[in-house]
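Colleague: Quick one: this structure, given as structure tokens, is what I'll be asking you about.
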Amino acid sequence: MRYSLLIVLFFFYGCLLAQPDSLFIKEKKQKYDGPQWLQVNNASVDLSQVSFVNWNSGGTNSISGLLGLKSSYDYKDKYFVWKNNVDIRYGINKQEDRGTRKTDDLIEFNSNMGYKPDNLSNWFYSARLNFRTQLANGFQYPNTSEPISKFLAPGYLFFGGGMEYGKHIDKLSFYFSPITLKATLVLDEDLANAGSFGVAPAVLDVLGNVVVPGEKTRKEVGVLITNSYEMEIAENINVKHQISLYSDYINNFGNLDIDWRVDFDFKVNSFIRATLGSHLRYDDDVKTSRVSEITGDQEEAGAKVQWKQFLGVGFSVDF
């Protein structure tokens, strides 16, 4: 994948520049208060609206909304770290003379357990679980008659073990897993028969009837490298960077699946905040389509880099 090397080079170059000295020097020793459980819940609503009346430059009235819910429940003592979190988001957009369209849809669960052999070490023996899917059907608009994705179609499961470095593991983490299972679930029969998201498609006879149904799961075993970093770059301005690089040992080893997010959080007060984010993905199993210039039908166009940018202003409350 021609973008992989460039993206990885930029990633590691950014990591070298992004580590502030405050993580490594002038560190104040903290008194150990025993095992601790910490739970944090957050609900948010982001809204945007545009209206035009006799606007000579033209434009379309629109309104957008994004609902978010995050919950984390973490444990920490001298030797163990166990971090659990759930992230749910759903966004819609409504424009004049056009139906409501989905702009964001995510259900994600993460669980990360780490153990270090002594209190002075910054290396953890770690095991990780990640699962994500979506809530509602997805469409290739304006076609809303044939879903291109559904709940658990796809669903992605990562599970593996390895080593994790984190001097301040809540803010900075480097994780390497030489053995990670990736399972792709496509539990919808039509999408599975079509071979969506990399599963084996159905075998058809000459009349187009299904002889052997499409597989609903695809299993891979590969290597996973992740990095996450969070810091306050100015008063009330935080940035969080997360990247995941995965390569399957058996199928085209060296071809990277990439998931890279950079999110800025601007806090106005206890309830109002703005967010600016970028989300880049590449998965060789997720193929795109295009209209054939010869037949006029849809044909496969291969995998492409997916990118989403978002800006929102809204309300957020911890509970």
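The values are calculated or read from the model by the stated rules, or taken from the named source; none is laboratory data. Given the structure is predicted, the values throughout are model-derived calculations rather than measurements. As a convention, Cβ positions derive from the backbone with ideal geometry for all residues, glycine included, and neighbour counts pool all protein chains shown. Side chains are part of the model used for accessible areas, which takes the heavy atoms of the whole protein and leaves out ligands, DNA and RNA. Shrake-Rupley method; radii C 1.70, N 1.55, O 1.52, S 1.80 Å.
One line per residue, one yes/no per condition, for (1) under 23 Å from Q242 (Cβ atoms); (2) at pLDDT 95 or above:
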{"residue": "F80", "(1), (2)": "yes, no"}
{"residue": "K94", "(1), (2)": "no, no"}
{"residue": "G99", "(1), (2)": "no, no"}
{"residue": "Y115", "(1), (2)": "yes, yes"}
{"residue": "F124", "(1), (2)": "yes, yes"}
{"residue": "N130", "(1), (2)": "yes, yes"}
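Colleague: Given (1) hydroxyl-bearing (S, T, Y); (2) under 30 Å from L67 (Cβ atoms); (3) open to solvent by less than 70 Å² (accessible area, probe 1.4 Å), where does S270 come up short, assuming only one miss?
Modeller: Just one mismatch for S270, condition (3).
Colleague: Does Y229 fit the bill of being open to solvent by 20 Å² or more (accessible area, probe 1.4 Å) and either in contact with a Ser or Thr (Cβ under 7 Å, 6 or more places away or on another chain) or within 26 Å of Q39 (Cα to Cα) (or both)?
Modeller: In short, no.
Colleague: Within the stretch 61-113, which residues are over 19 Å from the mean Cα position of the chain (by Cα), under 25 Å from T226 (Cβ atoms) and either aromatic (F, W, Y) or open to solvent by 50 Å² or more (accessible area, probe 1.4 Å) (or both)?
Modeller: Those that are over 19 Å from the mean Cα position of the chain (by Cα), under 25 Å from T226 (Cβ atoms) and either aromatic (F, W, Y) or open to solvent by 50 Å² or more (accessible area, probe 1.4 Å) (or both): Y73, Y75, K76, K78, Y79, F80, W82, M113.
Colleague: Would you check if F158 is part of a strand (DSSP E or B) and either modelled with pLDDT of 95 or more or crowded, with 16+ Cβ neighbours inside 10 Å (or both)?
Modeller: yes
Colleague: So, one more: Residues that are charged (D, E, K, R), more than 30 Å from V45 (Cα to Cα) and out of contact with any Pro (no Cβ under 6 Å at 6 or more places or on another chain): which strands (runs of 3 or more DSSP E) entirely in the stretch 175-279 hold 3 or more of them?
Modeller: Strands (runs of 3 or more DSSP E) meeting the threshold: 217-234.
For every residue, the table says whether it meets (1) touching a helix residue (DSSP H, G or I) at 6+ places or on another chain (Cβ under 9 Å); (2) at pLDDT below 95; (3) surrounded by fewer than 16 Cβ atoms within 10 Å (Cβ to Cβ).
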| residue | (1), (2), (3) |
| --- | --- |
| N143 | no, yes, yes |
| D170 | no, yes, yes |
| T180 | no, no, no |
| D190 | yes, no, yes |
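Colleague: Of all residues being open to solvent by 70 Å² or more (accessible area, probe 1.4 Å) and either of a type outside the set (G, A, S) or within 16 Å of G195 (Cβ to Cβ) (or both) in the stretch 145-154, which is modelled with the highest pLDDT? Just the residue, please.
Modeller: Out of the qualifying residues, it is F151.
Colleague: Quick check on the stretch 218-225. Is at least one of its residues crowded, with 16+ Cβ neighbours inside 10 Å, modelled with pLDDT of 95 or more, over 19 Å from G155 (Cβ atoms) and of a type outside the set (V, I, T)?
Modeller: no
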